[in-house]
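Single-structure report; data block below.
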Amino acid sequence: MSGVAATTRHRPARAAVFLDRDGVIIAERQYLADPQGVELLPGAAEAIAALNRAGWVVVVVTNQSGVARGLFSLEAVGQQHARLCELLEGYGARLDGIYVCPHHPEGEVAAYRQVCGCRKPAPGLLQQAAAELELDLSASWMIGDKPSDLQAGAAAGCRTALVRTGHGAGVDTVALDRQALRLELVAAHLADAVAKLGLAERRPSLRCMAAGRAA
Ligand SMILES: [Mg+2]
Ligand SMILES: [Zn+2]
């Protein structure tokens, strides 16, 4: 098998909807530590279930600098996500991946004190997910409640939408550079974004899937 065949065998195939966690799926609580504090925002689980049914790969990308700041452990973040998945399951919703940046350049915990490529607005979490889940970033969306979410999405090559929940309520959207952020929509909340972008009806493109499978 030649090297060329090996590199062309796995082409990015699936389109994703990347979601920020705090203020988009669950209630924004500054530095949430307790898994029992995970609270779904109204309509968010139903919106994720609709994305699942439409065939989108649904991936959470979340900055959790509380780990670097010594406010809670990475294990606690894992427990929050177990709780989140349990809550979503009750609505027939599931996440295909959860990617976490635990870093901060000025964190207290040495192991996580660094300038990294994964803390949004950097696109590292999305790029890591794309590599591992074989995603087509140019066919994917990033939905967040902060401009830094949109920056990360745009830097990864996705189109973006801002929701007015969480920190989104306070964002001055007039000041946003819509073109640079590849911002297509400002929505009231996640379900509103999914509805207005037509994501529940639209089957994502699955180009190159056959080639990938055949190899
Ligand atoms: Mg957020
Ligand atoms: Zn990071």
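Readers should treat all values here as calculations from the given coordinates under stated rules, not as data from a laboratory. Here the structure is a predicted model, which is why all the values come from computation and not from measurement. So basically every Cβ, Gly included, is an ideal-geometry build from the backbone, and we count neighbours across all protein chains shown.
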Inspect all residues belonging to segment 154-161 and state whether any of them is among the hydrophobic types (A, V, I, L, M, F, W, C), within 16 Å of ligand 2 (Cβ to nearest atom) and under 14 Å from L19 (Cβ atoms). yes
If we keep just the residues of segment 135-165 that are surrounded by 24 or more Cβ atoms within 10 Å (Cβ to Cβ) and part of a helix (DSSP H, G or I), which is farthest from ligand 1 (Cβ to nearest atom)? A156
Is it fair to say S140 is more than 14 Å from ligand 2 (Cβ to nearest atom) and more than 15 Å from the chain's Cα centre (by Cα)? no
Checked against (1) farther than 24 Å from A16 by Cα; (2) in contact with an Asp or Glu (Cβ under 8 Å, 6 or more places away or on another chain), E75 satisfies every condition except (2)
Looking at (1) under 15 Å from Q64 (Cα atoms); (2) surrounded by 14 or more Cβ atoms within 10 Å (Cβ to Cβ); (3) in contact (Cβ under 8 Å) with a residue 40 or more places away in the chain; (4) in contact with a Lys or Arg (Cβ under 6 Å, 6 or more places away or on another chain), can you tell me which one E108 breaks? (2)
Might you let me know whether segment 50-63 holds any residue that is hydrophobic (A, V, I, L, M, F, W, C), in a loop (DSSP other than H, G, I, E, B) and within 16 Å of ligand 2 (Cβ to nearest atom)? no
Just to check your reading of the model, which residue among V100, V115 is in contact with a Pro (Cβ under 9 Å, 6 or more places away or on another chain), within 16 Å of ligand 2 (Cβ to nearest atom) and on the phi < 0 side of the Ramachandran plot? V115
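Which residues, counting only those in segment 123-144, are closer than 15 Å to T160 by Cβ and without any contact (Cβ under 8 Å) to a residue 40 or more places away in the chain?
Once the filter is applied, which keeps residues that are closer than 15 Å to T160 by Cβ and without any contact (Cβ under 8 Å) to a residue 40 or more places away in the chain, segment 123-144 yields P123, S138.
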Among the residues of segment 117-133, write down those that are out of contact with any helix residue (DSSP H, G or I) (no Cβ under 7 Å at 6 or more places or on another chain) and away from ligand 1 (no atom under 16 Å from the Cβ). G124, Q128, A129, A131, E132, L133
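Yes/no per residue for (1) within 21 Å of L32 (Cβ to Cβ); (2) among the charged types (D, E, K, R):
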site: A45; (1), (2): yes, no
site: L84; (1), (2): yes, no
site: Y99; (1), (2): yes, no
site: A111; (1), (2): yes, no
site: R119; (1), (2): yes, yes
site: Q127; (1), (2): no, no
site: E132; (1), (2): no, yes
